[in-house]
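Peer 1: Take a look at this one; I'll ask things after.
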2 protein chains.
Amino acid sequence: MKKLINNPEDFVRESLEGMAAAHADLIKINFEPTYLCRVDAPRQGKVAIISGGGSGHEPMHAGFVGMGMLDAACPGEVFTSPTPDQMLAAAKAVDGGAGILYIVKNYSGDVMNFEMATELAYAEGIRVLNILIDDDVAVKDSLYTQGRRGVGTTILAEKICGAAAERGYDLQRVADLCRKVNLNGRSMGIALSSCTVPMRMLPTFELGANEMEVGIGIHGEPGRKRMDLKPANEIASMLALSILEDGVYKRTVREWDADKGKWFDLELVNQSLKKGDRILAFVNGMGGTPISELYIIYRKLADICANRGIQIVRNLIGSYITSLEMQGCSITLLKLDDEMIELWDAPVKTPSWCWGA
Amino acid sequence: MKKLINNPEDFVRESLEGMAAAHADLIKINFEPTYLCRVDAPRQGKVAIISGGGSGHEPMHAGFVGMGMLDAACPGEVFTSPTPDQMLAAAKAVDGGAGILYIVKNYSGDVMNFEMATELAYAEGIRVLNILIDDDVAVKDSLYTQGRRGVGTTILAEKICGAAAERGYDLQRVADLCRKVNLNGRSMGIALSSCTVPMRMLPTFELGANEMEVGIGIHGEPGRKRMDLKPANEIASMLALSILEDGVYKRTVREWDADKGKWFDLELVNQSLKKGDRILAFVNGMGGTPISELYIIYRKLADICANRGIQIVRNLIGSYITSLEMQGCSITLLKLDDEMIELWDAPVKTPSWCWGA
């Protein structure tokens, strides 16, 4: 695997420095500890939204820092959780007095470190809420996860909650909205090739010349099964049907009580998609797949939804949550309501996502 | 090479159908002959801009049809020029009475077919001008080219001229502006891997496990030389210096006299970039390269320009003009003036490029 890099150990830092140099009008960067935040942070009286996770999924999350989306992002090393001190420093940098929402993808390291950061922020008098994204229907538990992994719905939540915070929603309302987005989003992906972590320079897994991995995670974690490569229409069907036929899904998550300063358990239940539902259809590239192929997947996905009486009222097609240069795609279907649609359409201006502004 | 496709012969059509399904608010599509145009075309009294070329370079051109950029795009089969009947049909569909600008990348097939379409349109009373983009400094002639190839500057010209047409520039003024953009833009690219045309399913060329091709064309045409893979900083330097040290470049092109209905020769001269110049720096991915790596290239490019006293006042980083799933990147440097900066910043709303609207 060839890459446009210098020393592998400098990959994350140099990439972030390039971003900061390119987008100084939108973001500023801090090292030791590492975070990026809006150039105009903190915004007084506005809820601040922070996300983060391992690097290697670009443009998520650093590319989504800016007006109408994230206030800060905490990038870890490649496929490695950021540390609580990064998350705490980011919270301090962007706290405008209205509190902080941490949007956390369900991976054990991320969950643990964001929980620790939540407690540290509490100790310093910063009000934080903490919402988990666990939308990947492929597998119940995984290599780095208890419960479902957090994937494509993450960035839809970042967009929608970012718009809500921009409009002046208070912290509890932004957190409730984020939980609602997660409860209405489902994803699944496939890989046609592995990715290669710069520090290892060996493929994360091996796939035969005619094989694909179905239900892949965004770190190359194994999925549901390995099978012979299928035509795009069959791949789109397999992913779409896995999502559309995913039944009621119950699990218990931990959330933070910012008044009492303690964790509590909350039972969450996803309902199945049904005829008449309005959805956002998101076809995501894994980093090495050209957009022309994503449109072929979308074409079939649109047919499938139409045949089931499910209305695609918004869509997003491109490489937004990736696994380095992995070839493949994922589909995320998010059930929308009027509130989510209005917030989806709201202006956003970040390095990798811009409209209406 | 694995791809998300069905039958290779359906690749272009299905991808375009997916685009049309996803972006029905922005574009409409026609088959037999194939073109995409703005959903609100024709716009009375507005100069219409049309580009086109072989498919496989997505999002260029189809992804750039919409407000503030192209009025229509004519996609050929993969790496194959569209035909004059496509270009003529597109011209008829978007002609709002103020004339048509064809933006033509310098490849023999594209040049010949756009020239034929220009003559056909003239015969039908449609006023067309025809501007060539030939910005690739890598080689003088190439597999499919007499003179320099047309690459990254193409989409910068589409953005800037699209904004000008939106503002009411007349046809001659839009064409003059397009020629000015071309005369101020220079590009060069490298490939870390080949691409694979769907109908062949074999790599267009072979590269060793530790090799790169320097000065590559966007169809996998050979470049200046093949060499061992270098660190990103050396690659960025090699590309940047090839552009920065490219001297005065003279050539004769053919343009169309829309009054007299005949071609005339025009001598064009590019001047070198020099200290104090304000530029747009465009780091482009070839389709299979993650954006994180493009930022590492940008980081070094920004350093090089700063050291030479050349001011990057605008930038663009992402995969805009690609070669299917090829890994690699290109750099385009465009010398700007106040007019170009203002038009660059103007609103645009297309499937793959959106800001300010």
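Peer 1: Note the distances from residue A:272 to each other copy's matching label point, with points 7 Å along the Cα-to-beta-carbon direction, in nm, sorted shortest first.
Peer 2: 7.1
Peer 1: Using alpha carbon centroids, what distance separates region A:277-352 and region A:64-83, in Å?
Peer 2: With region A:277-352 and region A:64-83 each reduced to a Cα centre, they are spaced 21 Å.
Peer 1: Antiparallel DSSP bridges in the protein assembly as shown: what percent, to the nearest 5?
Peer 2: Details: 82 of 132 bridges.
Counting only bridges with both partners in the protein assembly as shown, antiparallel ones make up about 60 percent.
Peer 1: Using a simple charge model, +1 on the beta-carbon of Lys and Arg, -1 on the beta-carbon of Asp and Glu, nothing else, what dipole does region A:236-357 show about its Cα centre, in debye to the nearest 20? Write out the running numbers ahead of the final one.
Peer 2: Numbers: 14 positive and 16 negative charges, 51 e Å.
Dipole magnitude for region A:236-357 comes out near 240 debye.
Peer 1: Now a separate question. 5 Å is the cut-off here: which amide hydrogens, built 1.01 Å from N in the peptide plane, fall below it relative to residue A:76, excluding neighbours closer than 5 in sequence?
Peer 2: Those qualifying (amide H under 5 Å, at least 5 residues apart or on another chain) are A:53, A:54, A:55.
Peer 1: To the nearest 20 debye, what is the magnitude of the charge dipole of chain B about its Cα centre, counting +1 on the Cβ of each Lys and Arg and -1 on the Cβ of each Asp and Glu?
Peer 2: On the way: 38 positive and 46 negative charges, 162 e Å.
Roughly 780 debye for chain B.
Peer 1: Beyond 26 Å, how much of the Cα-Cα pair distribution for region B:55-183 remains, as a whole percent? Could you put the intermediate results ahead of the total?
Peer 2: Numbers: 1114 of 8256 pairs.
The share of Cα pairs beyond 26 Å in region B:55-183 comes to 13 percent.
Peer 1: Let me ask you something else. List the GluC sites (Glu not before Pro) within region A:79-165 that fall in a DSSP loop (any state other than H, G, I, E or B) and whose Cβ has at most 15 other Cβ atoms within 10 Å.
Peer 2: On the way: sites: A:115, A:119, A:124, A:158; in loops: A:124.
Sites meeting the loop and neighbour criteria: A:124.
Peer 1: Taking θ as phi - 60°, what are the ³J(HN,Hα) couplings along region A:31-41 by the Karplus curve (6.51, -1.76, 1.60), each to the nearest whole Hz, with x for Gly and Pro?
Peer 2: After applying 6.51 cos²θ - 1.76 cosθ + 1.60, I find 10, 6, x, 8, 7, 10, 9, 4, 5, 9, 7 Hz.
Peer 1: Out of region B:233-301, which trypsin sites (Lys or Arg not before Pro) are coil in DSSP terms and have no more than 15 other C-beta atoms within 10 Å? Each step should come with its number before you reach the end.
Peer 2: Values: sites: B:250, B:251, B:254, B:260, B:262, B:274, B:275, B:278, B:299, B:300; in loops: B:260, B:274, B:275.
Sparse-neighbourhood loop trypsin sites (Lys or Arg not before Pro): B:260, B:274, B:275.
Peer 1: Where a ≥ b ≥ c are the square roots of the eigenvalues of the C-alpha gyration tensor, would you call region A:203-255 rounded, which needs a/c under 1.5, or, failing that, prolate if a/b is larger than b/c, or oblate?
Peer 2: Working: a/c = 3.54, a/b = 1.42, b/c = 2.49.
Oblate shape, in that a/c is at least 1.5 and b/c is the bigger or equal ratio.
Peer 1: Can you give the FRET efficiency for residue B:10 and residue B:306, using 1/(1 + (r/R0)^6), R0 = 41 Å, r = Cβ-Cβ distance, to the nearest 0.05? All intermediate terms of the calculation are to be shown ahead of the outcome.
Peer 2: Values: r = 48 Å, r/R0 = 1.17.
Taking R0 as 41 Å, the efficiency between residue B:10 and residue B:306 is 0.30.
Peer 1: If you don't mind, another one. Work out the charge dipole of region A:128-233 with +1 on the Cβ of Lys and Arg and -1 on the Cβ of Asp and Glu about the Cα centre, then indicate which of A:143, A:156, A:210 is farthest towards its positive end.
Peer 2: A:156
Peer 1: Which residue in B is nearest the B/A rotation axis when you measure from the C-beta atom, and what is the distance in Å?
Peer 2: Per the Cβ-to-axis criterion, the result reads B:288, 2.
Peer 1: What shape does region A:295-348 take by its C-alpha gyration tensor, where a ≥ b ≥ c are the square roots of the eigenvalues and a/c under 1.5 counts as rounded, a/b above b/c as prolate, and the rest as oblate?
Peer 2: Working: a/c = 2.64, a/b = 1.19, b/c = 2.22.
Verdict is oblate for region A:295-348.
Peer 1: Of B:189, B:96, A:252, whose Cα points farthest to the positive end of the dipole of the protein assembly as shown (charges on the beta-carbon: +1 Lys, Arg; -1 Asp, Glu; origin at the Cα centre)?
Peer 2: Checked the options; the winner is B:96.
Peer 1: Okay, moving on. Taking residue A:200 in one copy and the same position in all the others, each labelled 7 Å out along Cα→Cβ, what are the pairwise distances from the first, in nm, shortest first?
Peer 2: 3.4
Peer 1: Just checking the output field for A:55-61: average partner chain Cβ neighbours within 10 Å of each residue's Cβ?
Peer 2: Working: counts 1, 2, 2, 6, 5, 0, 0.
Average neighbour count from other chains, rounded to a whole number: 2.
Peer 1: Hey, can you grab everything whose amide H is under 5 Å from the amide H of residue B:289? Only 5+ residues off in sequence or another chain; H modelled, so Pro and N-termini drop out.
Peer 2: Long-range HN contacts for residue B:289: B:328.
Peer 1: If r is the Cβ-Cβ distance from residue B:257 to residue B:140 and R0 is 30 Å, what FRET efficiency results, to the nearest 0.05? Write down the numbers at each step before the final one.
Peer 2: On the way: r = 28 Å, r/R0 = 0.92.
For R0 = 30 Å, the calculated efficiency reads 0.60.
Peer 1: Each residue of region B:282-291 in order: what ³J(HN,Hα) in whole Hz does its phi give by Karplus 6.51 cos²θ - 1.76 cosθ + 1.60, θ = phi - 60°, with x for Gly and Pro?
Peer 2: 10, 9, 10, x, 8, x, x, 9, x, 5
Peer 1: I've got another one for you. Between residue B:356 and the same site in the other copies, what are the distances in nm, shortest first, taking label points 7 Å from Cα along the C-beta direction?
Peer 2: For residue B:356, the inter-copy label distances come out at 1.9 nm.
Peer 1: Okay, moving on. Of the DSSP beta bridges with both residues in region B:243-320, give the percent that are antiparallel, rounding to the nearest 5.
Peer 2: Values: 9 of 16 bridges.
Beta bridges within region B:243-320, antiparallel portion: roughly 55 percent.
Peer 1: Mind checking the per residue accessible area of region A:214-357 for me, 1.4 Å probe, whole number of Å²?
Peer 2: Working: 5240 Å² over 144 residues.
Per residue, region A:214-357 has 36 Å² of solvent-accessible surface.
Peer 1: Further question on the same structure: Using helices alone, I'd like the mean residue ellipticity at 222 nm for the protein assembly as shown: each DSSP H run of four-plus residues gives -39500 (n - 2.57), total over residue count, nearest 500. Before the final figure, lay out each step's value.
Peer 2: Details: 16 runs with 209 residues, N = 714.
Taken over the protein assembly as shown, the calculation gives -9500 deg cm²/dmol.
Peer 1: Let me ask something additional. How large is ³J(HN,Hα), in whole Hz, for each residue of region A:220-234 in order, when computed from phi with the Karplus curve 6.51 cos²θ - 1.76 cosθ + 1.60 and θ = phi - 60°, using x for Gly and Pro?
Peer 2: x, 5, x, x, 6, 6, 9, 8, 5, 4, 10, x, 3, 4, 5
Peer 1: Using only the Cα atoms of region B:217-357, build the gyration tensor, take square roots of its eigenvalues as a ≥ b ≥ c, and label the shape rounded, prolate or oblate: rounded if a/c is under 1.5, else prolate if a/b is larger than b/c, else oblate. Write out the running numbers ahead of the final one.
Peer 2: Details: a/c = 1.38, a/b = 1.32, b/c = 1.05.
Since a/c stays below 1.5, the shape of region B:217-357 is classed as rounded.
Peer 1: Also, I was wondering about something else. Taking H as built 1.01 Å from N, whose amide H comes closer than 5 Å to the amide H of residue B:193, not counting residues under 5 places away?
Peer 2: B:327
The values are calculated or read from the model by the stated rules, or taken from the named source; none is laboratory data. A quick note: this is a predicted structure, and the numbers were derived from the prediction, not measured. Note that each Cβ is placed from the backbone with ideal geometry, even for glycine, and that neighbours are counted across all protein chains shown. In case anyone asks, the SASA skips ligands and DNA or RNA and just uses the protein heavy atoms, side chains included. Shrake-Rupley method; radii C 1.70, N 1.55, O 1.52, S 1.80 Å.
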